[in-house]
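Trainee: My questions all concern the structure below.
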Amino acid sequence: MSLARQVLILQLAVLAVVIVAAAGLAILDARHDSDQATRRQVTGIAVSLAVAESTKAALLSPDPTAVLQPETEQIRKATGMDFIVVMAPDRTRYTHTNTDQIGKAFSGNIDRALHGETFTETYTGSLGPSIRSVTPVYAGDKLVGLVSAGVTRERIGAQVAQGLPAIIGVAAAGLAGAAVGSFLLSRRLRRQTLGMAPAELRTLYEHHDAVLHSIGEGLVVFGNRASDPADVVNDEARRLLDLPDGDVRRADLPDSLRELPSGTVRGEMHVTPTRVLVVNQDPVEWEGRSIGSVLTIRDRTELQGVLGELDSIRGFAESLRSQAHESANRLHTVITMVELGRYDAAVEFATAELALSQNLIDRLMASVHEPALAALLLGKVNQAAERGVELTVSDDTALESPHPLTTHEAVTLIGNLLDNATDVALQSDDKWVEVTVQQTDSQLLVRVADSGPGMSPEAFERATGRGYSTKSDHRGLGLALIVQLVARHDGAIRAEQAPAAVAVTIPRPRAERSTS
């Protein structure tokens, strides 16, 4: 059976037992209350008769029955008693409901009454089981008789039975209400569990849990309330986002992920302090109602590094293509001048262009001893020139080695700074960029200035925040990647104005300082 049906049957069984038990206890309580009320009633009537002066006078008269029988019968009928017996101290009855019993001995206990005590008891007499009260009658200090008033169990049972329909009705209404509530709860539970049995739910949970923790993508499932912890966080998500064990809330995610919109997100690039991540988000709906969102995360760190190297190689290739194209144009110009007989002009044109290009190459190779960085700078100069930006390498540039950065990290750092500066310079009238790379005994300095308007500290903080990019080529992460690299080496990055510039300093380890 499904979980919902099992819960329904169990609830109905428990409720039926509880309600039947409650009804039984209510009947017992009603009977107890009725007995107590009867005891108080018979005692009151017996005592009232015993203290009446007319009763004392009748007992002292020659014929007590003639006086007391009509009076006690009238009182019995008025009060609902089954019998009122007035008797002599020797048990001889003077009155009785059944006149045949008058003159006969009273059956029951009177010893306590003979000693002056009023008491009640349950006793089976001539009319059957009854609750009776016996009290003495005194004329002065002399015991002149006894009065007993009682109600049979049959009458008490009939009185209790009159209240049974109400008790049974309340119990039936309670059982019906409980059944309806249990049915509604069962239907809701069936809808929430999709009508599956407990074994099926357990198997489904075990399989899903195994799948969620074994997939290669990070998975985080949130409900609609931002303050609630995530419903699901698999192992890969904790690794990629550096999340601790225990509950995870949106506030525990990296800054950019906390601010994701509530709708669908596709292929956004996010940079954390240690990784580059691809993030997707899908809202989760059930029966047309939003119940949360699913966040999937893939690691793109290594791929981003490969893409960075590919971009560098592509830049070198573009630079070579541009230089080849320029060289062809210059060669055609020289050939044409020779054909026209302008030999001196051809020599002057060829040597001037060669001297300018060779001068830049010689200066870079002399000041930058890392071939990859020298090639990067030369390529960026040519790329910027193609885009109409004058990129210059400052005269005080000097670099023996990119340490403590690796060559790849240095290419990433300088290449991204130059790309960002070139993009900004294109928006100004005077399009120029200047780069400075210096290595001192204590630090590595990279400074890139441009003709742009610069950024305020607030704008720079937003730009360097570990954010995300929705660009199709995923190239909106330059500054974020730089910040990640700088933080990894305990460096610093700052924005300058007048002129606008971004400066990065990377401290050198003490061991390198001592060797240098």
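Trainee: Could you name the lysines whose alpha carbon sits less than 24 Å from that of residue 380, not counting residues in the same chain fewer than 8 places away?
Mentor: By straight Cα distance, residue 380 reaches 431, 471.
Trainee: Determine the equivalent ellipsoid of region 203-259 by diagonalising the alpha-carbon gyration tensor, then write out the semi-axes as square roots of 5 times the eigenvalues, largest first, rounded to whole Å. Don't skip to the answer; put the middle values down first.
Mentor: Details: eigenvalues 84, 37, 15 Å².
Semi-axes (√(5λ), whole Å): 20, 14, 9.
Trainee: Hey, can you rank 412-425, 264-277, 169-182, 483-496 by average C-beta count inside 10 Å, highest first?
Mentor: Values: 412-425: 22.3, 264-277: 18.2, 169-182: 13.8, 483-496: 16.7.
Per-residue mean Cβ counts within 10 Å order the peptides as 412-425, 264-277, 483-496, 169-182.
Trainee: Give me the number: length gained by fully extending residue 124 to residue 242, i.e. 0.36 nm times residue separation minus the C-alpha to C-alpha distance, one decimal in nm.
Mentor: Numbers: separation 118, 0.36 × 118 = 42.48 nm, distance 8.64 nm.
33.8 nm is the gain from fully extending residue 124 to residue 242.
Trainee: Could you go through region 135-146 in sequence order and give the Karplus-derived ³J(HN,Hα) for each residue, using 6.51 cos²θ - 1.76 cosθ + 1.60 with θ = phi - 60°, rounded to whole Hz, and x for Gly and Pro?
Mentor: Residue by residue, region 135-146 yields 9, x, 10, 10, 10, x, 9, 9, 7, 10, x, 9 Hz.
Trainee: Beta carbons within 10 angstrom, averaged per residue: use that to sort the peptides 371-383, 132-144, highest first.
Mentor: Working: 371-383: 20.1, 132-144: 18.2.
Ranked from most to least packed, the peptides come out as 371-383, 132-144.
Trainee: Right, another one. Could you state the per residue volume, in Å³, of the convex hull enclosing the Cα atoms of region 82-173?
Mentor: Details: hull volume 9.5 nm³, N = 92.
It is 104 Å³ per residue.
Trainee: What number do you get for region 363-417 when its Cα radius of gyration is normalised by 2.2 N^0.38 Å, N = residues?
Mentor: Details: Rg = 11.2 Å, N = 55, 2.2 N^0.38 = 10.1 Å.
Its radius of gyration relative to the 2.2 N^0.38 Å reference: 1.11.
Trainee: Output the Kirkwood hydrodynamic radius of region 249-294, Cα pairs only, in Å rounded to one decimal. Intermediate results must be reported in sequence, preceding the final value.
Mentor: Details: mean 1/r = 0.0851 Å⁻¹.
After inverting the mean inverse Cα-Cα distance, the result is 11.7 Å.
Trainee: Ranking request for peptides 219-228, 148-157: highest mean number of other beta-carbon atoms within 10 Å first, then the rest in descending order. Mind dumping the intermediate values first?
Mentor: Working: 219-228: 15.4, 148-157: 21.6.
Result, highest mean Cβ count within 10 Å first: 148-157, 219-228.
Trainee: Rounded to whole Hz and in sequence order, give me ³J(HN,Hα) for region 394-400 from the Karplus expression 6.51 cos²θ - 1.76 cosθ + 1.60, θ = phi - 60°, writing x for Gly and Pro.
Mentor: 4, 5, 8, 5, 7, 8, 7
Trainee: I've got another one for you. Please list 3J(HN,Hα) in residue order for region 402-418, calculated via the Karplus relation 6.51 cos²θ - 1.76 cosθ + 1.60 where θ = phi - 60°; whole Hz, with x for glycine and proline.
Mentor: Coupling constants for region 402-418: x, 4, x, 7, 6, 4, 4, 5, 5, 4, 4, 4, 5, x, 5, 4, 5 Hz.
Trainee: Tell me the GluC sites (Glu not before Pro) within region 25-125 that lie in a loop according to DSSP and have at most 14 other beta-carbon atoms within 10 Å. Present the calculation step by step, with values, prior to reporting the outcome.
Mentor: Numbers: sites: 53, 71, 73, 117, 121; in loops: 117.
The qualifying sites are 117.
Trainee: While we're on this one: Say R0 is 41 Å: what FRET efficiency, to the nearest 0.05, do residue 348 and residue 396 get from their beta-carbon distance? Write out the running numbers ahead of the final one.
Mentor: On the way: r = 32 Å, r/R0 = 0.77.
Given R0 = 41 Å and the Cβ-Cβ separation, E is 0.80.
Trainee: If you average 1/r over all unlike Cα pairs in region 1-134 and invert the result, what Kirkwood radius do you get in angstrom? Don't skip to the end; give the middle numbers.
Mentor: Working: mean 1/r = 0.0562 Å⁻¹.
Result for region 1-134 stands at 17.8 Å.
Where a number appears in this text, it was derived from the coordinates with a stated rule and is not lab data. Since this is a predicted model, take the numbers as computed values, not measurements. Cβ atoms come from the backbone with ideal geometry, glycine included; neighbour counts cover every protein chain shown.
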